[in-house]
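Data first, discussion second: the structure below is written as structure tokens.
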Amino acid sequence: MKISKADALMWFEFFAALPEEEELLPHQQELVFAVLSQIELAEQARCDALAREIPHLQSLKGRTRFVGPADRFPKGCCSCLLGTGLSAIRKTNRCNIQCRFCYNYGELDCQPPIGEGMWEIGGNKYREEDVDLLLSVQKKPTGVSYVYLEPFMEIELYGGIIRRFHEAGVHQHMYTNGTLANEDNLRMLGEAGLDELRFNLGASNCADSVIDAIRTAKRFIPRVGIETPMTPEFFDAFRRKKAAILGTGLDFINCAELHLNPNNIGNYEGEPMYMARHGYISPIWSHELTLHFMRMADEEAWGIAVHDCCNMTKFARDLNLRAHEGGWFGASSYGCEFPRIPYEVFLPTLRDPDFRFVKEEPLPEGYRPGDIVL
């Protein structure tokens, strides 16, 4: 069903006005999926057109795209997309700043603690000394990552566990907003064996102090890069400070397509949205800005890897992880992060005169205004 944009708007205005607890009937569900498909196909066509303008766009085995030297593509992403997946290690349940794009926005002060002396690995709790047992019993991961929320809030606790995984030959990367990084703690991480440090430069709006921290990190840690949700604010701030950022000697930039959940979506009210494969909901401008960013990097030959970490990359990531876990064909946990589809967030897209569907057809009988939808 190639529903027209006018009919899509009419139906989504109706669905958005329904009580949250009201279940849709099968014909109505078909209309919902038809609208979401039309929006996704239109956004994909826009992104495909932008991608064709990037002269040297490369593929990582069909799972993601990047520009720049292949040898500077982050090994943590290779583990995520080709290896045994993104094995997250959690310790710190606090953060020192609040970003409007944060998935825990509004809930930063009530995140459950991991526990004194404990680390969360694979969803279970372990002490540092248990890592040796884990590695002797289970298959060694291709890589692990330190996440949630800001590791540098208690970075002094991380040296021992990093050293254990380093001695076992496991690639390790860490995420930070960079505002608490300094020469001492960066040196400690490098000496412990951290392979890769990723700065969320958008969290500080490309602060000069964080740019300096990236430069310092390169003295101690083999691979240093940026991983930031692609927003208009980051895009503009980066362009203003591009020379200083590229002058740090960083290795890569991961441009994460911003996807939203019930915590942070209110911060982007009124922005045009789309839904990728019935899963992540994102502002339309996020992936499009990434492709503009990658074209700039390619044409100006920045000499670093710039990675398109979009929703389809995350879709591939989950398929890869399930395959390594022995899942059945098609197994995936990728899905929508909302308890119900928030129809109202797609209204700005459907009301945007510059957003055009690729192909439209009249509604079939049974789906038109005035028909009884059963």
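At-a-glance table
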read-out: Test for Leu149: is it within 30 Å of Ile284 (Cβ to Cβ) and touching a Cys at 6+ places or on another chain (Cβ under 9 Å); value: yes
read-out: Pairs where the first residue, in region 220-241, is more than 16 Å from Asp195 (Cβ to Cβ) and touching a residue at least 60 places away in the same chain (Cβ under 8 Å) and the second is open to solvent by less than 50 Å² (accessible area, probe 1.4 Å) and among the polar types (S, T, N, Q), C-beta under 6 Å, 6+ apart; value: Met230/Ser286; Met230/Thr290
read-out: Selected residue [farther than 30 Å from Pro69 by Cα and polar (S, T, N, Q)] from Gln58, Gln44, Gln28; value: Gln28
read-out: Some residue of region 123-136 being closer than 26 Å to Ala256 by Cα and crowded, with 18+ Cβ neighbours inside 10 Å; value: no
read-out: Any hit, region 179-194, residues being under 20 Å from the mean Cα position of the chain (by Cα), surrounded by 23 or more Cβ atoms within 10 Å (Cβ to Cβ) and not charged (D, E, K, R); value: no
read-out: Those residues of region 299-354 which are of a type in the set (D, E, K, R) and not in a loop (DSSP other than H, G, I, E, B), in sequence order; value: Glu299, Asp308, Lys314, Arg317, Asp318, Arg322, Glu344, Arg351
read-out: Matching residues in region 195-225 - criterion: being open to solvent by 40 Å² or more (accessible area, probe 1.4 Å) and touching a Phe, Trp or Tyr at 6+ places or on another chain (Cβ under 9 Å); value: Asn205, Arg223
read-out: Any hit, region 275-285, residues being of a type in the set (Val, Ile, Thr), outside any helix (DSSP H, G or I), within 19 Å of the chain's Cα centre (by Cα) and crowded, with 19+ Cβ neighbours inside 10 Å; value: yes
read-out: Residue selected from region 34-70 under the condition without any contact (Cβ under 8 Å) to a residue 60 or more places away in the chain and over 20 Å from the mean Cα position of the chain (by Cα), by the criterion least open to solvent (accessible area, probe 1.4 Å); value: Ala34
read-out: Selection from region 1-18 of residues that are open to solvent by less than 60 Å² (accessible area, probe 1.4 Å) and over 19 Å from Gly366 (Cα atoms); value: Ala16, Leu18
read-out: Residue count, region 226-249 (criterion: within 15 Å of Ala213 (Cα to Cα) and either more than 20 Å from the chain's Cα centre (by Cα) or open to solvent by 10 Å² or more (accessible area, probe 1.4 Å) (or both)); value: 8
read-out: Scope region 237-265; condition of a type in the set (S, T, N, Q) and within 30 Å of Cys336 (Cα to Cα); matching residues; value: Asn254, Asn261, Asn263, Asn264
read-out: Met294 vs. criteria open to solvent by less than 10 Å² (accessible area, probe 1.4 Å), assigned to a helix (DSSP H, G or I) and not basic (Lys, Arg); value: yes
read-out: Elements of type strands (runs of 3 or more DSSP E) contained in region 21-123, each with 2 or more residues being in contact with a strand residue (DSSP E or B) (Cβ under 8 Å, 6 or more places away or on another chain) and within 20 Å of Glu227 (Cβ to Cβ); value: 65-67, 87-90
read-out: Which listed residue is among the charged types (D, E, K, R), on the phi < 0 side of the Ramachandran plot, touching a Ser or Thr at 6+ places or on another chain (Cβ under 8 Å) and surrounded by fewer than 17 Cβ atoms within 10 Å (Cβ to Cβ), from Glu299, Glu360, Glu325, Glu344; value: Glu360
read-out: Condition check for Gly330: open to solvent by 30 Å² or more (accessible area, probe 1.4 Å), small (Gly, Ala, Ser) and in contact (Cβ under 8 Å) with a residue 24 or more places away in the chain; value: no
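The values are calculated or read from the model by the stated rules, or taken from the named source; none is laboratory data. Everything quoted here is computed from the prediction, not taken from an experiment. With ideal geometry, Cβ positions are generated from the backbone for all residues, glycine too; neighbour counts draw on all protein chains shown. Note: accessible area is taken over every heavy atom of the protein model, side chains too, but ligands, DNA and RNA are not part of it. Shrake-Rupley method; radii C 1.70, N 1.55, O 1.52, S 1.80 Å.
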